[in-house]
Amino acid sequence: MKGIVFTEFLDLVEDKFGLEMVDEIIEKSNLESGGVYTAVGTYAFSEMLQLLRHLSKNTNISIDNLLLVYAEHFFDVLKRNYGDLLSRYTNPIEMLSSIENHIHVEVKKIYPEAELPTFEVLEKTEDSLVMVYKSSRAMHHFGLGLMNKTFEYFKAKATIELEKIKEDGTEVKFMINKN
């Protein structure tokens, strides 16, 4: 998993819960990296899981809800650093439907070794989108948070429902309807 995901996560934890919480979750975790990350480095996903679990335990916030909050933070990072990529789109449905064939292609140019989830578009209309998320990391709530922020970015509203295809969350269907 790319280091920017870790550095931004720890920035969010510090902003929301304080530096002491950052130290606490790092100390409680058994991290090969020692909890020292660079944005361009690559680290084991198991480290992120440990950090999330300890943060969840210390805050009594579910991992899914932590991932939603983190995704909102991360979207702002994307907007700040890759605004030119976002500006290529005129509406949220178009942008979300192009994750696999355009956005992830661009991400791979910047981070060639990035392991990204896949998004398969099943149905698309002007106001709706059905797609399947697949990832061994089961971070579908992170994806949900990014989708929510995408609609906010375009000053639009949507109802987004998810249905687990696989109980472990490694395959999830998103049903998106623009309001």
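The values are calculated or read from the model by the stated rules, or taken from the named source; none is laboratory data. Because the structure is a prediction, the values reported are computed rather than measured. FYI the Cβ positions are ideal-geometry reconstructions off the backbone, even for glycines, and counts take in every protein chain you see. Quick note on the areas: whole protein, heavy atoms, side chains included, nothing else; ligands and nucleic acids left out. Shrake-Rupley method; radii C 1.70, N 1.55, O 1.52, S 1.80 Å.
Per residue, the solvent-accessible area of the range 60-179 (1.4 Å probe, heavy atoms of protein chains only, all protein chains present) comes to 54 Å². With 10 Å bins beginning at zero, the pair-distance distribution over Cα atoms of the range 51-117 amounts to 18, 40, 29, 13, 0 %. For LEU49 and TYR82, the difference between the fully extended length at 0.36 nm per residue and the C-alpha to C-alpha distance is 9.3 nm. Ordering 77-85, 50-58 by mean Cβ neighbour count within 10 Å, with the highest value first, yields 50-58, 77-85.
Using only alpha-carbon positions in the chain, the gyration tensor eigenvalues give semi-axes of 28, 17, 16 Å once each is multiplied by 5 and square-rooted (largest first).
Residues TYR70, TYR153, ordered by accessible area of protein heavy atoms at a 1.4 angstrom probe radius and largest first, appear as TYR153, TYR70. Separation of the alpha carbons by more than 24 angstrom is noted, of LYS124/LYS149; LYS16/LYS79; LYS16/LYS149; LYS16/LYS108, for LYS16/LYS108. A crude spin-label estimate for the pair ASP168 and ALA39, with each label 7 Å from Cα along the Cβ direction, gives 3.3 nm.
Within the accessible area of the range 81-131, the carbon and sulfur atoms contribute 50%, probe 1.4 Å, all protein chains present.
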